[in-house]
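Nothing in this text is a laboratory measurement; each read-out follows from the coordinates by a stated rule. Since the structure is predicted, the reported quantities are computational estimates derived from the model, not experimental observations. For neighbour counting, all protein chains shown are included, and Cβ atoms are generated from backbone atoms with ideal geometry for every residue, glycine included.
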C-alpha cells in the first residue's frame, strides 16, 4: 500500500493504483447514467383512429412518434398571495416591535422624570421644615412676598400630599 497525503490509502491491484475517492466518483457517474433513462419521457403520436395519444411509453416502431418535453409542474396559484401575506405579517411584527420599543422608552423617560421630581419635592419639603431659613414667593407683580409660619405649613402639607400621591416609597 502507498500512503497519500491527508490520510488516504490507495490499493494496488494488477499494477494499477486505485483511490477510494476515484472509485466513489466512478460509481456515482454510472448511477447517474442509469437513472437518466428512467426519467419519464412524454411521447405523442396519432393512432390508427386519428386520435392524438400522449404516453410515457414509446409506441411501436412502425408508428411515427415525437418526443415531447414534459411541462413543469404547475406553480402554486396562491404563492403571490401567500408571499404578500407573509410580507405584511413581517411588517406588522416590525411595527409592533418598534411601537413596543417606543412605549418602553417613553415609560423609562417618564419614570426618570418622576424620580427627579420626587427628589426635588423631598428636598423642598426638608428645607421647608428648617425654621432658620426665610422663604419667599413671587406675587403677580413679580415682587418678593415672604412666607410666614402658616404659609410654610400649608406649603409643607401640599408637598407631602404630592409625595404621597406621586412618589410611592
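Across the stretch 130-169, what is the total count of residues that are within 57 Å of the chain's Cα centre (by Cα) and exposed (fewer than 10 other Cβ atoms within 10 Å of the Cβ)?
The total comes to 4.
Is it fair to say residue 62 is more than 30 Å from residue 42 (Cα to Cα) and loosely packed, with under 10 Cβ neighbours inside 10 Å?
Working: more than 30 Å from residue 42 (Cα to Cα): no; loosely packed, with under 10 Cβ neighbours inside 10 Å: yes.
Considered against the rule, which asks whether it is more than 30 Å from residue 42 (Cα to Cα) and loosely packed, with under 10 Cβ neighbours inside 10 Å, residue 62 comes out as no.
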